[in-house]
């Protein structure tokens with residue numbers, strides 16, 4: 001996959017995430033979007049409840065690992 005195509009797919013995902021309600025405790029739809037995005041790109045993905053994580057093809061649990069973490073829920077406005 002070329003850089004331009006990866007960029008376009010990432011922008012599509014971000015647009016879909018922005019358009020999807022994801023208030024704290026109600027983020028199942030965004031979790032599904034994220035898991036589906038990784039799955040479509042043949043990236044190993046796992047999901048437990050609304051937690052989603054992926055590993056790259058070089059992952060080896062016997063080696064030191066870096067974890068990047070992010071939230072995909074939002075807070076209701078006051």
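Considering all projection directions equally, how large on average is the shadow of the alpha-carbon convex hull of the chain, in square nanometres? Intermediate results must be reported in sequence, preceding the final value.
On the way: hull surface 25.7 nm².
That works out to 6.4 nm², a quarter of the Cα hull's surface.
How big, in percent, is the set of alpha carbon pairs in the stretch 13-58 lying more than 16 Å apart? Don't skip to the answer; put the middle values down first.
Working: 383 of 1035 pairs.
Looking at the stretch 13-58, the distances longer than 16 Å represent 37 percent of pairs.
Per residue of the chain, the DSSP helices (runs of n ≥ 4 H) give a summed -39500 (n - 2.57) that works out to -12500 deg cm²/dmol at 222 nm.
All of the numbers you see were taken from the coordinates with simple rules; none came from a lab. This is a predicted model, so every value here is computed, not measured.
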